[in-house]
Amino acid sequence: MLKRLLHSGIGFAMLTGCATFKTLETDIPLYERVFICSGTRLDWAAIARNDVALSRFKVIPPRYPLVDLPLSFALDSLFLPLTVSAELFH
């Protein structure tokens with residue numbers, strides 16, 4: 001029980017700095033937002049130090065984007081049906 005609680009706590013702590021959640025919860029107007037694989041794109045732009053791509057998201061990337069990249073990719077894959085529909089209908 002304690003082991004499961006510890007793993008859940010670590011997982012939740014990692015999600016608080018996740019690029020996927022940062023990009024989906026921004027105050028950018030809908031017509032300017034990037035929805036599909038937004039967290040993965042933000043991490044990749046931070047790794048490549050692409051300032052043009054980073055300015056498009058208008059959020060600060062995670063401190064360790066290379067560590068966050070697999071987690072963001074997994075969450076972006078999980079949210080893909082929702083983000084595709086949001087991209088199609090906004």
From the phi of every residue in region 22-28, what ³J(HN,Hα) in whole Hz does the Karplus formula 6.51 cos²θ - 1.76 cosθ + 1.60 yield, where θ is phi - 60° and glycine or proline is x? 5, 6, 7, 10, 8, 9, 7
Report, in deg cm²/dmol and to the nearest 500, the calculated mean residue ellipticity at 222 nm for the chain, where each DSSP H run with n ≥ 4 adds -39500 (n - 2.57) and the sum is divided by the residue count. -20000 deg cm²/dmol
Suppose each label sits 7 Å from its Cα in the direction of the beta carbon; what would the PHE89-ASP27 distance come out to in nanometres? 2.7 nm
Give me the angle, in degrees from 0 to 90, between the Cα long axis of helix 38-48 and the longest principal axis of the Cα atoms of the chain, rounded to the nearest 10. 90 degrees
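Counting only heavy atoms of protein chains, what accessible area per residue, in Å², does the chain have with a probe of 1.4 Å? Working shown, then result.
On the way: 6460 Å² over 90 residues.
Dividing the accessible area of the chain by its residue count gives 72 Å².
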Debye intensity ratio in log₁₀ form over the Cα atoms of the chain, taken at each q of 0.16, 0.19 Å⁻¹: -0.63, -0.84
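How much of the accessible area of the chain, probe 1.4 Å, is carbon plus sulfur, in whole percent? Numbers along the way, then the final one.
Working: 4420 of 6460 Å².
Taking all protein chains in place, the chain shows 69 percent carbon and sulfur surface.
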When only C-alpha pairs under 8 Å and at least 6 residues apart count, what is the relative contact order of the chain, in percent? 33 percent
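The values are calculated or read from the model by the stated rules, or taken from the named source; none is laboratory data. Everything numeric in this text was worked out from a predicted model, so none of it was measured. So basically every Cβ, Gly included, is an ideal-geometry build from the backbone, and we count neighbours across all protein chains shown. Only protein heavy atoms, including side chains, enter the accessible area calculation; ligands, DNA and RNA are left aside. Shrake-Rupley method; radii C 1.70, N 1.55, O 1.52, S 1.80 Å.
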